[in-house]
Amino acid sequence: MSLDYDALSLALSMVFQLETLLWIAVGIAVGVGVGAMPGLQSSTAVALMLPLTFNMPVATALGLLIGLYKGSIYGGSISAISFATPGAPESAATVADGNALMRRGKGKKALHMALYSSVTADFLSDLLTILMAPALALIALKFGPSERSWVLILAITLIGALSGRNLSKGMFSAALGLYIGTMGSDPIGLVPRNNFDLWWLRDGIPLPPLVIGVFAMSMVYQELLRPEVIGAGREKMVDVAALLKSKSEGLKLREFLRCWKEIGIGLGVGSFVGVLPGLGATVGAFLSYAVAKQASPNKGIGDGALEGVAAAEAGNNATVGPTLVPLIAFGIPGSATAALIGGALVMQGATPSPRMFSLFPEIIYSLFIILLVGNLANLFIGRFFAGIYARLGEVPRRYLIPLIGLMAVMGTYAYQQNPYHVVIMLVMGLVGLCFRLFRIPEAPLVIAFMIAPLAEQNLRKAHLISREDWVTTLFNSPLSVGLAIACVLSLYLSIRFQIATRVRAGKVDT
Amino acid sequence: MRNFTDRSAGLFLLCLSVALALYVVTSDWAFVEMRDGTLIGSFPMAFIALCLVFAGRIALAKDALTQTLEDVGDMSVTGALKIAALLGAALLLAFYHERLGFVGLCILFLVMNGIFMGQRKPVSLLVYAACVCAALFLLFMALGFELTVFPQSFGV
């Protein structure tokens with residue numbers, strides 16, 4: 001795939017204008033703040049901000065959303081180090097070493113290491129993304145409807161299997177997402193179906209009300225069921241503020257360079273995990289932390305070592321760019337946040353697919369440039385405002401939750417000024433509440449919801465091409481057979497893994 | 001609500017899936033054949049069948065009776081009433097903010113939810129609601145969304 005210089009120059013002009021740069025900075029600033037608040041996740045922030053992007057130019061919209069994504073993944077480390085309360089699950093691996101350093105009076109070093117290792121791994125993994133995505137898209141272009149159907153089915157099995165400890169719960173979530181994705185009308189003949197005879201469901205369920213309901217409104221409902229104030233004490237806040245004001249204890253270049261091996265492990269593991277649909281930043285962080293601990297047994301990782309912070313933070317931030325690879329190469333979102341970024345692209349008229357490289361090269365280049373520029377913004381904003389962000393962990397839930405509720409309602413309404421979308425969002429919030437209470441992962445639902453129409457379209461096209469013979473539809477090439485075997489293997493391995501986990505848990509209990 | 005386990009959750013999801021499956025199979029569109037030879041309802045039916053299978057697996061898993069879902073224990077009639085009130089306020093805001101004005105409904109929404117979340121200081125609550133309302137109003141205006149400030153009868 002050769003470089004389109006005209007598109008590149010257009011992309012540069014789209015990104016390097018004041019409006020876009022400003023919204024990237026806003027995205028990072030809000031994202032780091034959201035990440036620092038325990039209980040709020042990147043997907044919640046992106047879902048809430050998604051409706052604001054509809055009136056923006058495409059590069060500005062991408063800048064805001066990617067800024068939010070990058071910022072919130074890093075931001076979780078601030079409360080993890082400061083209060084031993086991870087702002088988001090992906091920062092949980094940072095708690096052991098980061099908070100131990102904090103208690104030893106080296107909190108500033110830990111916060112700086114978290115920032116520098118996050119930005120370094122994020123930047124390098126973005127370069128990998130830029131190299132990998134076009135190559136994969138070229139391969140994907142050779143796929144016919146049958147192969148595409150199998151890739152989509154493989155993505156669903158991976159998402160369901162890898163998204164939680166309970167395979168059945170992950171798969172139920174994916175199955176429900178597929179079912180919801182069929183609501184409205186069928187994607188080929190546009191015949192109305194599955195709309196409960198409600199006229200406002202005839203166009204199906206749009207993505208923004210679904211994600212805002214599942215991720216944000218469900219949280220508001222749950223907090224109303226449990227009206228307790230969560231957050232660290234005021235004394236802790238004073239400690240952090242004082243620490244960040246102090247002139248000493250900053251991270252030295254020598255100390256940062258000493259952690260090259262752990263940052264490299266985080267980069268490798270995080271990038272690999274990021275490309276696989278359904279895994280995401282939490283797995284990236286824990287896996288690279290575990291690998292670094294094995295690889296450097298003498299560095300005291302787990303007892304307050306900078307290397308531990310570096311491995312965990314590099315591991316989670318290195319997933320950010322690669323998680324977009326399946327989206328732009330195959331049109332399959334690799335994570336809930338990637339699904340939301342894909343949704344934003346659809347609303348801007350650029351549906352993610354392998355053909356995006358030839359149809360909208362300027363958008364792809366803008367995305368790549370924003371991924372790289374976002375790291376610089378993350379570095380500066382994270383560096384200078386860490387003190388303020390540390391305080392955000394203290395915002396009382398009684399102020400935060402009503403604000404999220406209001407943003408959810410008005411954000412959904414703003415999508416198309418349609419109040420019935422608010423009704424859909426509120427109902428999806430109840431679905432999300434059930435998922436939270438029953439500990440069912442939400443990400444498979446959102447990803448499968450986006451995959452459902454694509455899967456149906458491709459299967460039916462393949463069915464038509466093969467003259468309505470289902471065996472030829474499904475297995476018309478060696479690649480289709482290979483992908484089908486991969487689907488079966490993925491399910492088999494995840495079932496084996498579940499059984500092994502249960503057996504181990506049983507042994508521990510006895 | 002005590003001892004709500006994965007078994008109970010699975011059974012609840014199974015009932016929900018059965019209801020959706022009944023809706024699909026009894027609908028008048030499900031078995032209509034399209035020009036490409038597939039039924040309109042084939043994909044919804046296949047996906048809801050998957051829901052039934054996995055809900056059943058959640059309910060029948062070996063450890064389903066021992067996996068307790070503590071969060072369900074937080075549910076109470078008061079909590080449910082708060083959610084119902086929130087739903088009402090959200091619908092009022094979505095359907096009537098143009099007619100009744102965004103400012104009043106927004107402040108009402110924030111104050112009500114602030115009280116539900118345990119905020120008992122009226123002055124701070126009102127100041128908070130007014131500030132959030134103003135910030136959100138300005139944000140939406142800056143992004144090109146027009147909101148009605150006061151009730152339409154005021155003519156503003």
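The values are calculated or read from the model by the stated rules, or taken from the named source; none is laboratory data. Because the structure is a prediction, the values reported are computed rather than measured. Positions of Cβ are backbone-derived with ideal geometry, glycine not excepted, and every protein chain shown enters the neighbour counts.
Exactly one residue among B:I58, B:I83 is surrounded by 18 or more Cβ atoms within 10 Å (Cβ to Cβ), touching a residue at least 24 places away in the same chain (Cβ under 8 Å), at the interface with chain A (Cβ under 8 Å from one of its Cβ atoms) and in a helix (DSSP H, G or I), and that residue is B:I58. When restricted to residues that are closer than 21 Å to A:A462 by Cβ and either of a type in the set (S, T, Y) or touching a strand residue (DSSP E or B) at 6+ places or on another chain (Cβ under 7 Å) (or both), region B:7-43 contains 6. Looking only at residues in region A:173-213 that are of a type in the set (D, E) and surrounded by fewer than 17 Cβ atoms within 10 Å (Cβ to Cβ), the one that is nearest to A:A448 (Cα to Cα) is A:D203. Among the residues of region B:36-55, is there at least one that is at the interface with chain A (Cβ under 9 Å from one of its Cβ atoms), more than 30 Å from A:D469 (Cα to Cα) and assigned to a helix (DSSP H, G or I)? Among the residues of region B:36-55, at least one is at the interface with chain A (Cβ under 9 Å from one of its Cβ atoms), more than 30 Å from A:D469 (Cα to Cα) and assigned to a helix (DSSP H, G or I), which makes the answer yes.
The rows are residues; the columns are (1) without any contact (Cβ under 8 Å) to a residue 40 or more places away in the chain; (2) among the small types (G, A, S).
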site	(1), (2)
A:A11	no, yes
A:V15	no, no
A:G31	no, yes
A:M37	no, no
A:S42	no, yes
A:A47	no, yes
A:M56	yes, no
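Examine region A:489-503 for a residue that is under 24 Å from A:L190 (Cα atoms) and either of a type in the set (D, E) or within 13 Å of another protein chain (Cβ to nearest Cβ) (or both), and state whether such a residue exists. Looking through region A:489-503, none of the residues is under 24 Å from A:L190 (Cα atoms) and either of a type in the set (D, E) or within 13 Å of another protein chain (Cβ to nearest Cβ) (or both). Find all pairs meeting these conditions: Cβ atoms under 6 angstrom apart; at least six residues apart or on different chains; first residue within region A:433-462 and assigned to a helix (DSSP H, G or I); second residue of a type in the set (A, V, I, L, M, F, W, C) and modelled with pLDDT of 90 or more. As it stands, the answer is A:P444/A:A174; A:L445/A:L176; A:A448/A:A174; A:A448/A:L178; A:F449/A:I180; A:A452/A:L178; A:E456/B:F43, since those pairs meet every condition given. Of everything in region B:112-128 that's facing another protein chain (nearest Cβ under 7 Å) and either among the hydrophobic types (A, V, I, L, M, F, W, C) or part of a helix (DSSP H, G or I) (or both), which residue is nearest to the chain's Cα centre (by Cα)? The qualifying residue nearest to the chain's Cα centre (by Cα) is B:N113. Restricting region A:412-441 to residues that are buried (at least 24 other Cβ atoms within 10 Å of the Cβ) and modelled with pLDDT under 90 leaves a set whose member that is farthest from the other protein chains (Cβ to nearest Cβ) is A:T412. When the criteria are applied in full, B:L105 meets the requirement of being surrounded by 20 or more Cβ atoms within 10 Å (Cβ to Cβ), touching a helix residue (DSSP H, G or I) at 6+ places or on another chain (Cβ under 6 Å), more than 9 Å from chain A (Cβ to nearest Cβ) and at pLDDT 85 or above. In region B:70-80, of all residues being assigned to a helix (DSSP H, G or I) and touching a residue at least 24 places away in the same chain (Cβ under 8 Å), the one that is surrounded by the most Cβ atoms within 10 Å (Cβ to Cβ) corresponds to B:V72. Note on region A:162-212: residues that are under 20 Å from A:L327 (Cβ atoms), part of a helix (DSSP H, G or I) and more than 12 Å from every other protein chain (Cβ to nearest Cβ) amount to 5.
Only one of the numbered conditions (1) at the interface with chain A (Cβ under 9 Å from one of its Cβ atoms); (2) exposed (fewer than 14 other Cβ atoms within 10 Å of the Cβ); (3) farther than 30 Å from A:H463 by Cα is violated by B:T66, and that is (1). Criterion applied to A:A110, A:A80 was being free of Cβ contacts under 8 Å to residues at least 60 places away in the same chain and either within 24 Å of A:V34 (Cα to Cα) or within 14 Å of another protein chain (Cβ to nearest Cβ) (or both), and the one residue passing it is A:A80.
Conditions (1) under 24 Å from B:V132 (Cβ atoms); (2) more than 14 Å from chain B (Cβ to nearest Cβ); (3) assigned to a helix (DSSP H, G or I), marked per residue:
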{"residue": "A:G342", "(1), (2), (3)": "no, yes, yes"}
{"residue": "A:T351", "(1), (2), (3)": "no, yes, no"}
{"residue": "A:I364", "(1), (2), (3)": "no, yes, yes"}
{"residue": "A:F368", "(1), (2), (3)": "no, yes, yes"}
{"residue": "A:N375", "(1), (2), (3)": "no, yes, yes"}
{"residue": "A:F380", "(1), (2), (3)": "no, yes, yes"}
{"residue": "A:L403", "(1), (2), (3)": "yes, no, yes"}
{"residue": "A:M407", "(1), (2), (3)": "yes, no, yes"}
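Every residue, every condition in (1) within 14 Å of another protein chain (Cβ to nearest Cβ); (2) outside any helix (DSSP H, G or I); (3) farther than 27 Å from A:L167 by Cα; (4) modelled with pLDDT of 85 or more, yes or no:
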| site | (1), (2), (3), (4) |
| --- | --- |
| A:E228 | yes, yes, yes, no |
| A:V238 | no, no, yes, no |
| A:A242 | no, no, yes, no |
| A:L267 | no, no, yes, yes |
| A:G278 | no, yes, no, no |
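Find the residue count for region A:454-473, including only residues that are buried (at least 19 other Cβ atoms within 10 Å of the Cβ) and more than 21 Å from the chain's Cα centre (by Cα). Number satisfying all stated conditions: 8. Inside region A:25-41, residues that are assigned to a helix (DSSP H, G or I) and either at positive phi or touching a Leu at 6+ places or on another chain (Cβ under 7 Å) (or both) make up a count of 7. For region A:69-103, the set of residues classified as closer than 15 Å to A:A281 by Cβ and among the polar types (S, T, N, Q) consists of A:S72, A:S77, A:S91, A:T94, listed by residue number. Does A:M450 satisfy the criteria of being under 24 Å from the mean Cα position of the chain (by Cα) and within 11 Å of chain B (Cβ to nearest Cβ)? No; evaluated as a whole, the condition is false for this residue. Checked across region B:1-10, the condition of being assigned to a helix (DSSP H, G or I), among the hydroxyl-bearing types (S, T, Y) and over 21 Å from A:L454 (Cα atoms) holds for at least one residue. Of all residues in region B:15-35, those satisfying the criterion of being in a helix (DSSP H, G or I) and within 10 Å of chain A (Cβ to nearest Cβ) are B:L16, B:S17, B:L20, B:A21, B:Y23, B:V24.
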